[in-house]
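A.B. asks: Pasting a structure here, questions to come.
The values are calculated or read from the model by the stated rules, or taken from the named source; none is laboratory data. None of these values were measured; they are calculated from a predicted model. No Cβ is skipped: glycine too gets one built from the backbone with ideal geometry, and neighbour counts run over all protein chains shown.
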Amino acid sequence: MGLRRGPARCGQSARNGQRRLAGPRQTRMEQTRSVTKAPAPGTRPAGAKAAIAAILAALSPAALPARADDVAVVLTPSFVSQYMFRGVRLGGFSFEPSVEVDAGSAALGVWSNVPLSGGVDAASNLEIDPYASYTFAINASLSITPGFTAYTYPNADTSSGSFRSTFEPYLGVNYEVAGVTLAPKLYYDLVLEGPTLELTASYGIPLKAANTTLGIGATVGTFEWDNSARDAAPRLRNWGDYWLLGATLPFTLSRRSTLTLGFGYSEGTGNFYKQGGAPKYRNDAAVGRGVASLGYALTF
């Protein structure tokens with residue numbers, strides 16, 4: 001479960017950004033009636049990195065929180081057993097390095113997924129995603145965060161309908177009540193032409209004997225894209241729902257470094273494709289999988 005500070009996926013990140021579970025990549029599916037193939041899973045399927053790791057990363061405290069006037073650089077090499085994004089399996093065992101620069105309420109970073117084994121057909125391509133966000137604190141319990149993620153797939157096969165890049169702005173709200181953080185988010189992918197709605201709830205349980213905090217969280221989401229395949233005519237629609245449960249356990253190694261163990265389960269439901277007047281058909285890459293992650297964060 002790589003986590004990442006950008007939008008949400010089953011990968012990893014480090015703030016309240018959603019690290020993805022995987023994006024708009026979909027497995028190639030043969031279609032009848034001259035219907036265009038669904039883009040290969042190397043294209044990005046759903047945005048804001050909804051990877052499990054991303055969600056799990058959001059539950060883990062940073063190695064060294066920065067003051068409002070500080071600038072900090074966080075390097076986070078991570079490994080995940082599966083690459084899941086918004087309920088879609090995009091790959092198997094992967095390396096997910098990221099680097100983020102935090103300056104007060106602003107964050108700018110790059111998250112990536114490098115498939116190592118257990119790939120999913122053409123879906124398991126190199127992915128490099130720049131992202132940024134800015135948090136406006138309304139009061140001690142409420143904040144608003146606009147941001148964006150640029151999903152890029154340098155090796156994606158455009159002839160199969162895959163995009164090599166998509167761009168997804170988002171607007172998130174964080175509200176804390178009784179120790180529980182509620183985070184609704186609205187994403188809109190400008191290339192796939194459709195929204196993703198997501199709600200995450202997270203809670204920290206102090207483990208004093210181990211000098212750490214167990215982070216637990218749950219996410220539910222739904223998306224609908226009108227342009228899920230490159231140059232498809234008529235255009236290929238894709239829609240579906242997803243959910244995930246996750247937990248993280250961080251261990252402070254030094255003032256500037258943290259080791260985090262994570263585990264989550266993500267599942268995609270009601271995920272279908274439809275092109276023109278042809279019947280809809282199921283996305284076979286929308287499955288349920290458990291994801292284990294190991295991340296190391298070093299703050300400068």
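A.B. asks: Within the range 111-121, is there a residue that is assigned to a strand (DSSP E or B) and surrounded by 23 or more Cβ atoms within 10 Å (Cβ to Cβ)?
C.D. replies: yes
A.B. asks: Contact list please: Cβ distance under 8 Å, first residue in the range 236-254 and closer than 17 Å to L294 by Cβ and of a type outside the set (V, I, T), second residue crowded, with 24+ Cβ neighbours inside 10 Å and modelled with pLDDT under 95, pairs at least six apart or on different chains.
C.D. replies: Here the result reads G246/M1; G246/I52; G246/I55; G246/L56; G246/L59; A247/L56; A247/L59; P250/S60, each pair linking the range 236-254 to a residue that is crowded, with 24+ Cβ neighbours inside 10 Å and modelled with pLDDT under 95.
A.B. asks: What do you reckon, is E127 touching a residue at least 24 places away in the same chain (Cβ under 8 Å), charged (D, E, K, R) and within 28 Å of V101 (Cβ to Cβ)?
C.D. replies: yes
A.B. asks: If you take the residues in the range 257-300 that are free of Cβ contacts under 8 Å to residues at least 24 places away in the same chain and among the basic types (K, R), which one is farthest from V101 (Cα to Cα)?
C.D. replies: Ranking the qualifying residues of the range 257-300, first place goes to K280.
A.B. asks: How about the range 154-183: which of its residues are within 21 Å of L108 (Cα to Cα) and modelled with pLDDT of 95 or more?
C.D. replies: Once the filter is applied, which keeps residues that are within 21 Å of L108 (Cα to Cα) and modelled with pLDDT of 95 or more, the range 154-183 yields S165, T166, F167, E168, P169, Y170, L171, G172, V173, N174, A183.
A.B. asks: Let me ask something else about it. Which of the residues spanning the range 279-290 are under 15 Å from W239 (Cβ atoms) and part of a loop (DSSP other than H, G, I, E, B)?
C.D. replies: Answer for the range 279-290, where residues must be under 15 Å from W239 (Cβ atoms) and part of a loop (DSSP other than H, G, I, E, B): P279, K280, N283, A285.
A.B. asks: Next up: Determine whether the range 262-274 contains at least one residue that is under 22 Å from the mean Cα position of the chain (by Cα), surrounded by 15 or more Cβ atoms within 10 Å (Cβ to Cβ), among the β-branched types (V, I, T) and assigned to a strand (DSSP E or B).
C.D. replies: Taking every residue of the range 262-274 in turn, none turns out to be under 22 Å from the mean Cα position of the chain (by Cα), surrounded by 15 or more Cβ atoms within 10 Å (Cβ to Cβ), among the β-branched types (V, I, T) and assigned to a strand (DSSP E or B).
A.B. asks: Among the residues of the range 208-235, write down those that are among the aliphatic types (A, V, I, L, M), part of a strand (DSSP E or B) and in contact (Cβ under 8 Å) with a residue 40 or more places away in the chain.
C.D. replies: Of everything in the range 208-235, just one residue is among the aliphatic types (A, V, I, L, M), part of a strand (DSSP E or B) and in contact (Cβ under 8 Å) with a residue 40 or more places away in the chain, namely I216.
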